[in-house]
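Below: one structure, written as structure tokens.
The values are calculated or read from the model by the stated rules, or taken from the named source; none is laboratory data. For clarity, every value in this text was computed on a predicted model and none was experimentally measured. As a convention, Cβ positions derive from the backbone with ideal geometry for all residues, glycine included, and neighbour counts pool all protein chains shown.
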């Protein structure tokens, strides 16, 4: 299954759904050629060559971009960031609103990402993050977590910190969330745009 995302110059419309409906019919009324759109299209293909054939219009029309993606595409969170960097809006017709770039993520990535994961999904989340940076997360890592969060508190502290010695090296900060079955997680390190988006997706999924 797939879905579409629409990109056009920031502030081009106050009625994004209506504009997306028109663009779906190739009606570009109200949009003018814009070099930022062309630069964004080129940057998409530079970063993710596999998107070739998923970008419309197929010719280099510099008014808008429609991107067709498979559900679960790993760098989805990076797209609003890249659009913002090119001064474009990103409209998601599935939810009927403009997509907002995560505040912590810039064009070159993030140094800190925060979120929550369900306690019983924590190991899976850490294994996935480790895989992204080439770190072999094994039984010794799991043993290090045993009992480590018992006295933590995501509001009053303390937090438990644990290094993942991959490329890049990351430090994971963990603390129990009061009144729930979730664990608050903070990831710190020099993460580029793609890695930031992948980790941000992990924090959303788990």
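Just name the residue that is nearest to the chain's Cα centre (by Cα) out of those in segment 2-47 that are on the phi > 0 side of the Ramachandran plot and at pLDDT below 90.
So, considering only residues that are on the phi > 0 side of the Ramachandran plot and at pLDDT below 90, the one nearest to the chain's Cα centre (by Cα) is 26.
Output the number of the condition that residue 84 fails; it satisfies all remaining conditions of (1) surrounded by 20 or more Cβ atoms within 10 Å (Cβ to Cβ); (2) part of a helix (DSSP H, G or I).
Failing condition for residue 84: (1).
Kindly establish whether residue 8 is over 23 Å from residue 96 (Cα atoms) and surrounded by 15 or more Cβ atoms within 10 Å (Cβ to Cβ).
Judged against the criteria, residue 8 is not a match.
If we scan segment 4-23, do we find a residue that is out of contact with any strand residue (DSSP E or B) (no Cβ under 8 Å at 6 or more places or on another chain), without any contact (Cβ under 8 Å) to a residue 12 or more places away in the chain and part of a loop (DSSP other than H, G, I, E, B)?
yes
Does segment 24-39 hold any residues that are surrounded by 17 or more Cβ atoms within 10 Å (Cβ to Cβ) and assigned to a loop (DSSP other than H, G, I, E, B), and which are they?
In the first step, residues of segment 24-39 are kept if they are surrounded by 17 or more Cβ atoms within 10 Å (Cβ to Cβ); the result is 31, 34, 36-37.
Answer for segment 24-39, where residues must be surrounded by 17 or more Cβ atoms within 10 Å (Cβ to Cβ) and assigned to a loop (DSSP other than H, G, I, E, B): 31, 34.
Sort out which residues of segment 48-75 are surrounded by fewer than 16 Cβ atoms within 10 Å (Cβ to Cβ), at pLDDT below 85 and touching a helix residue (DSSP H, G or I) at 6+ places or on another chain (Cβ under 7 Å), and write them in order of number.
60, 74
Considering only segment 40-57, state which residues are assigned to a helix (DSSP H, G or I), under 17 Å from residue 4 (Cβ atoms) and touching a strand residue (DSSP E or B) at 6+ places or on another chain (Cβ under 9 Å).
Once the filter is applied, which keeps residues that are assigned to a helix (DSSP H, G or I), under 17 Å from residue 4 (Cβ atoms) and touching a strand residue (DSSP E or B) at 6+ places or on another chain (Cβ under 9 Å), segment 40-57 yields 40, 41, 44, 51.
Farther than 29 Å from residue 200 by Cα and touching a helix residue (DSSP H, G or I) at 6+ places or on another chain (Cβ under 8 Å): is that true of residue 30 in this structure?
yes
So, in segment 164-202, exactly how many residues are under 22 Å from the mean Cα position of the chain (by Cα) and in a strand (DSSP E or B)?
Adding up the residues that qualify gives 16.
In the list 141, 153, which residue meets the criterion of being in a loop (DSSP other than H, G, I, E, B) and more than 26 Å from residue 4 (Cβ to Cβ)? Lay out the reasoning, then the answer.
Working: 141 fails: in a loop (DSSP other than H, G, I, E, B).
Exactly one of 141, 153 is in a loop (DSSP other than H, G, I, E, B) and more than 26 Å from residue 4 (Cβ to Cβ), namely 153.
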